[in-house]
Amino acid sequence: MRFRRFSRKVAFFVLYRWDVRNEEPRIIEEEVLLELKPTERAKEYAQKLLKTIFEKLPEIDVIIEEHLVGWSLDRLGTVERALLRLGVGELLFLGVEDPGRAFIDYVDIAKEYVGERGAKFINGVLSKIYRDFVKDKVGEEPQN
């Protein structure tokens, strides 16, 4: 399901640019889609991710804030904030067939844009959130 990996990257770019530029998400989405040219399947999943995240953004931000130790959401870097929102939105509100694969994708994107330390931070926060909200319901942990 490589299309989901690309979809996550598309959604990440939209969230990142939206956070930096504070423009209408739809405009940014169209711009990113034109630049990255995803397949139809990847585009549809990215749009599903973004719709879920923007609809649930206040809830997503509260969940993230509650799991940040010694940090607040507004103190995080833009990359970290975008990836945490993406991860929480997909894992908790959209649902994902393979959470381990999703974690690997989030961590890989983090490594690419903020390095190993940032990737460990993303992995740690998302893992804690996943354990607190999802594991008890499905009886599994992410494989990272």
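The values are calculated or read from the model by the stated rules, or taken from the named source; none is laboratory data. Here the structure is a predicted model, which is why all the values come from computation and not from measurement. Ideal geometry is used to build each Cβ from the backbone, glycine not excepted, and the neighbour counts take in all protein chains shown.
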Next on the checklist: Please determine whether any residue of segment 46-68 is more than 16 Å from the chain's Cα centre (by Cα), at pLDDT below 95 and in a helix (DSSP H, G or I).
Outcome noted: yes
Checklist entry - Would you pick out the residues in segment 88-109 that are at pLDDT 95 or above and among the small types (Gly, Ala, Ser)? => result Gly89
Checklist outcome for this item: All-but-one check, Phe103 against (1) within 19 Å of Ile129 (Cα to Cα); (2) in contact (Cβ under 8 Å) with a residue 24 or more places away in the chain; (3) part of a loop (DSSP other than H, G, I, E, B), failing number (3)
Checklist entry - When you go through Leu34, Leu76, Leu57 one by one, which is the residue that is free of Cβ contacts under 8 Å to residues at least 12 places away in the same chain, among the aliphatic types (A, V, I, L, M) and surrounded by fewer than 17 Cβ atoms within 10 Å (Cβ to Cβ)? => result Leu34
Checklist outcome for this item: Per the filter on segment 1-30, residues farther than 18 Å from Gly87 by Cβ, surrounded by fewer than 15 Cβ atoms within 10 Å (Cβ to Cβ) and either out of contact with any Ser or Thr (no Cβ under 8 Å at 6 or more places or on another chain) or charged (D, E, K, R) (or both) are Arg2, Arg21, Asn22, Glu23, Glu24, Arg26, Ile27, Glu30
Next on the checklist: Quick check on this structure: which one of Leu126, Leu91 is touching a Gly at 6+ places or on another chain (Cβ under 6 Å), over 19 Å from Glu29 (Cβ atoms) and assigned to a helix (DSSP H, G or I)?
Outcome noted: Leu126
Next on the checklist: Which count do you get for residues in segment 2-31 that are aliphatic (A, V, I, L, M), touching a residue at least 12 places away in the same chain (Cβ under 8 Å) and farther than 18 Å from Val88 by Cβ?
Outcome noted: 2
